[in-house]
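Working notes, beginning with the structure itself.
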Amino acid sequence: MASVSGAILKQMFRGSATLTFGLIGAGATATQTITVTGAAAGDHVVLGLPTITAGLTYNAYATGNTVNIRCTNTTAAGITPAVATYSALVLSF
């Protein structure tokens, strides 16, 4: 097992899904999920983005067998992200 800052990596899980966020209003946030069997609350998530769109920021967090992906529109106008495949790598320490 690998060690990161004294923590021992116990397990890794991965998953991917094609997500459709739809229109995200100015300053709003939308959430989609990916099933990642084995993921648990508090695990670390590395998010694989298919593309970068100006004005959108992403973050992700794990819950039971799921990675939640939040997309936030930081602009003053609505944006519709393209339908695309997102991936997540979950690290359990």
Take the range 1-53 and flag every residue that is open to solvent by less than 40 Å² (accessible area, probe 1.4 Å), assigned to a loop (DSSP other than H, G, I, E, B), touching a strand residue (DSSP E or B) at 6+ places or on another chain (Cβ under 6 Å) and under 20 Å from residue 81 (Cα atoms). 21, 28
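Among the residues of the range 16-68, which ones are without any contact (Cβ under 8 Å) to a residue 24 or more places away in the chain and of a type in the set (Phe, Trp, Tyr)? Full working, then the answer.
We begin by selecting, within the range 16-68, every residue without any contact (Cβ under 8 Å) to a residue 24 or more places away in the chain; these are 41-42, 52, 54, 57-59, 61.
Once the filter is applied, which keeps residues that are without any contact (Cβ under 8 Å) to a residue 24 or more places away in the chain and of a type in the set (Phe, Trp, Tyr), the range 16-68 yields 58, 61.
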Residues in the range 68-93 that are hydrophobic (A, V, I, L, M, F, W, C) and more than 15 Å from residue 20 (Cα to Cα) total 7
Members of the range 59-86 that are farther than 21 Å from residue 7 by Cβ, open to solvent by less than 50 Å² (accessible area, probe 1.4 Å) and under 8 Å from the mean Cα position of the chain (by Cα): 68, 69, 86
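The values are calculated or read from the model by the stated rules, or taken from the named source; none is laboratory data. Just so it is clear, the model here is predicted, and its values are computed rather than measured. All Cβ positions, even for glycine, are placed from backbone atoms using ideal geometry, and neighbour counts span all protein chains on display. Side chains included, ligands, DNA and RNA excluded: accessible areas come from the protein's heavy atoms. Shrake-Rupley method; radii C 1.70, N 1.55, O 1.52, S 1.80 Å.
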